[in-house]
Amino acid sequence: MNSVTQSLLGGVEAGGTKFVLAVGHSPTEIVAQHEIPTRDPDTTLAQACEWLEHQGAIRAIGIASFGPVELDRSSPLWGHITNTPKLGWTNCDVAGYFAERFKVPIGFDTDVNGAALAEYSHGAGQTAASLAYITVGTGIGGGLVLGGKAVHGAAHPEMGHIFPRRHPRDPHFEGICPHHGDCLEGLASGPAIKARWGKSLSELPTDHVAHEIIADYLAQLALSLIAMTSVEIIVLGGGVMKTEGLLGRVRQRTSELGAGYFPGGLKHKIVAPGFGGHAGLAGALMLAFFQ
Ligand code: ZN
């Protein structure tokens, strides 16, 4: 078990409600997997490490984390969750905790960048040179991979916090983003849907106007991504995207919004995750693999 070839990659998908852990020989060959609820940092990180330690020799760990996070390797705050509203987690040194405990290389990125990398290399994007992964769930976030690298820039993308044009049948809802009110996340995330209509999108009848409104907002993000980056594949994942028919509605609305402008119609693809609900975990293992 001690040789490099036999030792394992560790993956940590650090989410706001649960941590999903895995060890594998490669990002697609998972040997064991485990979930723990996200509590306070000390309890959660200790439990995560304990499980990983019991799986055998680990040669690198990848962490795909909820954010915001610091990704600048030259910053003393690299690997930290920064100013999250999640109680107790602000300025938590997640990467440092695992580095200290395991003394192995640590890969660290956002959950959506991890998922984007996994979809790009092994999932929905295997034939493309560019791919965006969007999650629509408790929040809305996105990662963009161009030429095999996740785009970071000065920080990481915050695709959920763009400002869509208001749908004419949704003029009054003030939105729930604590920073912006009616940004995309404030209008179209799972909690925004519940705040507006009292139910999740999949619980509302298919002829309810909510389906049209949410598809319109998500299509605006898709079209913005296409207009700004011409990304070839947009993967839409997350709990809200499990709503029956929503992917098709977003596709259709994106085409309508781009109609007449893109010659020959949109060549860009809008698809479901190749990894289903496991893109984040596969992404964490990818981040370990790259170490
Ligand atoms: Zn916002």
Who wins for biggest fluctuation among 259, 150, 219 in a Gaussian network model of the chain, springs between alpha carbons below 10 Å?
259
Cβ-based exposure ranking for 75, 7, 130, in which fewest neighbours within 10 Å come first
75, 7, 130
Quick one: Debye curve from the alpha-carbon atoms of region 1-82 only, equal weights, vacuum; give me log10 I(q)/I(0) at q = 0.14, 0.15 Å⁻¹ to two decimals.
-0.50, -0.58
Region 79-176: radius of gyration over Cα atoms, expressed as a fraction of 2.2 N^0.38 Å:
1.33
In a Debye calculation with equal point scatterers on the alpha-carbon sites of region 163-242 and no solvent, what is log10 I(q)/I(0) at q = 0.16, 0.19 Å⁻¹?
-0.60, -0.84
With the dipole of region 124-272 defined by +1 on each Lys or Arg Cβ and -1 on each Asp or Glu Cβ, the option from 217, 167, 143 whose Cα lies farthest towards the positive pole is 143
P(r) tail fraction, region 247-291 - alpha-carbon pairs more than 18 Å apart, %
51
Could you let me know the centre-to-centre spacing of region 1-62 and region 252-291, using Cα atoms, in angstrom?
27
Averaging 1/r across every pair of distinct alpha carbons in region 17-153 and inverting yields a Kirkwood hydrodynamic radius, in angstrom, of 15.8
On each of the three principal axes of the Cα atoms of region 200-286, give max minus min coordinate, whole Å, ordered largest first.
38, 37, 16
Just to confirm a number: summing +1 for Lys and Arg and -1 for Asp and Glu over residues other than residue 176 whose beta-carbon lies under 14 angstrom from that of residue 176, what do you get?
-2
Tell me, what does the Kirkwood hydrodynamic radius of the chain come to in angstroms if you use every pair of distinct C-alpha atoms?
19.5
Mind putting a number on the dipole of the chain about its Cα centre? Charges go on the C-beta only, +1 for Lys and Arg and -1 for Asp and Glu, and I need it in Debye to the nearest 20.
460
Packing-based exposure ordering (other Cβ within 10 Å, fewest first) of 196, 166:
166, 196
Please report the projected area of region 124-272's Cα convex hull averaged over all directions, in nm².
9.0
How big is the antiparallel share of DSSP beta bridges in region 124-272, given as a percent to the nearest 5?
55
Lysine pairs with alpha-carbon atoms under 21 Å apart, the chain, spacing 8 or more or separate chains:
8
Provide the percentage of antiparallel DSSP beta bridges, counting only those with both residues in the chain; round to the nearest 5.
55
Please work out the FRET efficiency for the pair residue 87 and residue 194, using the Cβ-Cβ distance as r and a Förster radius of 22 Å; give the result to the nearest 0.05.
0.60
Going by how many other Cβ atoms sit within 10 Å of their own, how do 228, 159, 286 line up, fewest first?
228, 159, 286
Neighbourhood charge, 10 Å Cβ-Cβ cut-off, centred on residue 280 and excluding it, Lys, Arg +1 and Asp, Glu -1:
-2
Helix-only [θ]222 nm of the chain, DSSP H runs n ≥ 4, -39500 (n - 2.57) each, per residue, nearest 500
-9500 deg cm²/dmol
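Bear in mind that the values in this text are calculations on the coordinates, not laboratory data. All figures in this text were calculated on a predicted structure; none of them were measured in a lab. Heads up, the Cβs are rebuilt from the backbone with ideal geometry, glycines too, and the neighbour counts pull from every protein chain shown.
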